[in-house]
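Worksheet for the structure shown next.
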Amino acid sequence: MMKQILLITDGCSNVGVSPVIAAAQAQAEGVTVNVIGVVDQGELGMLGSEEIREIAAAGGGMSRIVNSGQLSQTVQMMTRKTVTTTIQHAVGKELQSILGHSQLEQLPPTQRAEVVQVIDKMSETSSLRVALLIDASASMKPKMAAVREAIHDLLLSLRARTGQSELAVFHFPSTKDRDASLEMDLNWTNELANLDRMFYKINMKGTTPTGPALLATLQFVAEKPFVESAEDGMLSDYVV
Amino acid sequence: MTTWYEDAFRPGSEIRGKWNGRVYVVERLLGAGSNGVVALVRRGTSRFALKAGRETVDHQSEINSLTALSLTATSFKHFLVEVDDMIVQDREIPFFVMRYIEGVKVSDYLHKHGQDWIYVIGSNLLRKLMELHRCGYVFGDLKIENMIVSKYGHVDLIDFGGMTLKGRAIKQLTEVYDRGFWKAGERVAEESYDLFSFAILILKVLDVKNRFQGLQHSLPQNREIEQLHPILKDSQAAARIAPFIQRALNGQWQSSEEAYQHWKKQVTGHKLTPSPLKLPWLKICFAASLLLFGATVYIYW
């Protein structure tokens, strides 16, 4: 089972554990973290773009800074690329042990063709879970329509895969519970109909607890039951 | 900023294959995208199209599809000429060489030769799709940019990056041509997927009032396939094929074979409406010549 967390944000975290540490923890547990910064009027400063880059680097994933119009495509591309890269990595390890190198480009064309055929097939048939983590701080409000569309679009593509593929959606900070950093919008699903009710009642708030939210999402992705009120306990597991 | 391919693909420069050692001379760049470059090249007296890609897996995946196709007894036979690597700035860049097809974009062709050519072009495109479908593949990313029209409405497909085995998830797509984008079906490689894109392609080239422009950026919850129907009424060429297009948009063609049979009937079954002026003129001329004949006979009698 491949596991990914995709963080969509538009600024710097300002509360709790560092999101870079949280992402490194995810990577250690075999979960890839990708990050998209959504910027419409250039409000993401140096600090924000640096954080985005670092979270992805620590999480073994990739990062992009885009405007709302490019969001759907970027989400799509990142998810797909991450699947291919994960599998390529696994196949690369095998190549390394057989050939002493793991570079596809070093293989003669006919062998390369066979290896890529295997990568293609595995990319299509392996099971996959993607947890989307949406920054719901006040500045994200005008971008939520684009976020919804991107989620819809991603689920459409996941559904088409041969392997079992599911999506879950979270936003942070929680709008229900003042003290919780994370709230679930959608449990693992591959049904499009379940998306319709999402985000209608989000009350955007100021703080951006990206790190704690990332850790809580990781707990969920790592298949520990999701309990929204158990925030303190979960956090203390990771805070060093 | 210079891109990685600028030097390697400058007109006149040589591309040498690492494995097979063949040398190609670049004539000019045909196109460059985010993950590939296509150039017109020459070897001896023959011209080819050469595509180089930096994303090794994606690139190889397209080669695999083309290799499979090139072995079939279809019009795609021998489409793929050679596969090799080139070295650019100490890095291996994989490339493949394919048949070079000279032609223009379908929209330019219709602009130059008239919209009535859409019937022939549609037939030819459907036949291409049928061939692919028979081999077990779906083209996937069917759009104006991925086909070339040459003399007398001859059609060729040119970018096979979206080609997908039937039943799998579509590998590569363009939003407006994608039935998922219009909430009209799944992104699974089925014949009806290509036929949906086919319908959008036809609508796009016949979209005289540029209605697509506005729809493309509408919110997904407001986006519906019915919004495309007015295009069918805008142009005379579109009116004739309207029922076909609607069935394709609704996913009601089970196979391209069935769709093609219907397309042919729709196009050839109709009497070609002769332009209304010609017939009266013919009659007048005929009457005049009769009169003249009568007069001549009378005079000489």
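The values are calculated or read from the model by the stated rules, or taken from the named source; none is laboratory data. On a predicted model such as this, the values are computed, not experimentally measured, just so you know. All Cβ positions, glycine included, derive from the backbone under ideal geometry; neighbour counts span all protein chains shown.
Values as computed for the structure displayed
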{"read-out": "Whichever residue in the range A:179-188 is touching a helix residue (DSSP H, G or I) at 6+ places or on another chain (Cβ under 8 Å) and over 22 Å from A:Thr74 (Cβ atoms) and, among such residues, is farthest from the other protein chains (Cβ to nearest Cβ)", "value": "A:Asp179"}
{"read-out": "Evaluation of B:Arg42 against (1) within 14 Å of chain A (Cβ to nearest Cβ); (2) farther than 30 Å from B:Ala237 by Cα (one fails), failing number", "value": "(1)"}
{"read-out": "Test: B:Glu62 is closer than 22 Å to B:Thr164 by Cβ and not polar (S, T, N, Q)", "value": "yes"}
{"read-out": "Filter result (surrounded by fewer than 18 Cβ atoms within 10 Å (Cβ to Cβ), away from chain A (no Cβ under 12 Å) and either at positive phi or among the charged types (D, E, K, R) (or both)) within the range B:158-185", "value": "none"}
{"read-out": "Flag for A:Met62 being within 14 Å of chain B (Cβ to nearest Cβ), free of Cβ contacts under 8 Å to residues at least 60 places away in the same chain and outside any helix (DSSP H, G or I)", "value": "yes"}
{"read-out": "Filtered residues of the range B:45-70 (kept if among the hydroxyl-bearing types (Ser, Thr, Tyr) and within 14 Å of chain A (Cβ to nearest Cβ))", "value": "B:Thr56, B:Ser61, B:Ser65, B:Thr67, B:Ser70"}
{"read-out": "Answer from B:Val25, B:Val83, B:Val41 - the residue that is among the aliphatic types (A, V, I, L, M), buried (at least 18 other Cβ atoms within 10 Å of the Cβ), under 22 Å from B:Glu6 (Cα atoms) and touching an Asp or Glu at 6+ places or on another chain (Cβ under 7 Å)", "value": "B:Val41"}
{"read-out": "Subset of the range B:138-157 that is aliphatic (A, V, I, L, M) and closer than 25 Å to A:Ala160 by Cα - its residue that is nearest to the other protein chains (Cβ to nearest Cβ)", "value": "B:Val138"}
{"read-out": "Test set (1) surrounded by fewer than 18 Cβ atoms within 10 Å (Cβ to Cβ); (2) of a type outside the set (Lys, Arg); (3) within 14 Å of chain B (Cβ to nearest Cβ) - A:Glu54 fails condition number", "value": "(3)"}
{"read-out": "Given (1) surrounded by 20 or more Cβ atoms within 10 Å (Cβ to Cβ); (2) within 14 Å of chain A (Cβ to nearest Cβ), index of the condition B:Leu132 fails", "value": "(2)"}
{"read-out": "Identity of the residue in the range A:88-143, assigned to a loop (DSSP other than H, G, I, E, B) and of a type outside the set (S, T, N, Q), that ends up nearest to the other protein chains (Cβ to nearest Cβ)", "value": "A:Pro108"}
{"read-out": "Odd one out for B:Gln172, checked against (1) part of a helix (DSSP H, G or I); (2) out of contact with any Lys or Arg (no Cβ under 8 Å at 6 or more places or on another chain); (3) polar (S, T, N, Q)", "value": "(1)"}
{"read-out": "Pairs, first acidic (Asp, Glu) in the range B:21-44, second part of a strand (DSSP E or B) and surrounded by 13 or more Cβ atoms within 10 Å (Cβ to Cβ), C-beta under 6 Å, six or more apart", "value": "B:Glu27/B:Leu40; B:Glu27/B:Arg42"}
{"read-out": "Candidates B:Val208, B:Val188 - the one that is surrounded by fewer than 21 Cβ atoms within 10 Å (Cβ to Cβ), within 14 Å of another protein chain (Cβ to nearest Cβ) and β-branched (Val, Ile, Thr)", "value": "B:Val188"}
{"read-out": "Residue list for the range A:65-87, filter: among the hydrophobic types (A, V, I, L, M, F, W, C) and either touching a residue at least 60 places away in the same chain (Cβ under 8 Å) or within 11 Å of chain B (Cβ to nearest Cβ) (or both)", "value": "A:Leu71, A:Val75, A:Met77, A:Met78, A:Val83, A:Ile87"}
{"read-out": "Count of the range B:213-225 residues which are surrounded by 12 or more Cβ atoms within 10 Å (Cβ to Cβ), within 14 Å of chain A (Cβ to nearest Cβ) and not in a helix (DSSP H, G or I)", "value": "1"}
{"read-out": "Matching entry among A:Asn203, A:Asn187 (being at pLDDT 70 or above, under 21 Å from A:Ile151 (Cα atoms) and either touching a His at 6+ places or on another chain (Cβ under 7 Å) or not in a helix (DSSP H, G or I) (or both))", "value": "A:Asn187"}
{"read-out": "When residues of the range B:226-246 are limited to those that are out of contact with any Gly (no Cβ under 9 Å at 6 or more places or on another chain) and surrounded by 17 or more Cβ atoms within 10 Å (Cβ to Cβ), the one nearest to A:Val147 (Cα to Cα)", "value": "B:Leu228"}
{"read-out": "Hits in the range B:191-205 (condition: more than 10 Å from chain A (Cβ to nearest Cβ) and under 23 Å from B:Ser107 (Cα atoms))", "value": "B:Asp194, B:Leu195, B:Phe196, B:Ser197, B:Phe198, B:Ala199, B:Ile200, B:Leu201, B:Ile202, B:Leu203, B:Lys204, B:Val205"}
{"read-out": "Selection count where residues are free of Cβ contacts under 8 Å to residues at least 24 places away in the same chain and in contact with a helix residue (DSSP H, G or I) (Cβ under 6 Å, 6 or more places away or on another chain), scope the range A:159-178", "value": "0"}
{"read-out": "Qualifying residue in the range A:155-162 (condition: more than 9 Å from every other protein chain (Cβ to nearest Cβ), closer than 26 Å to A:Ala216 by Cα and in contact with a Ser or Thr (Cβ under 6 Å, 6 or more places away or on another chain))", "value": "no"}
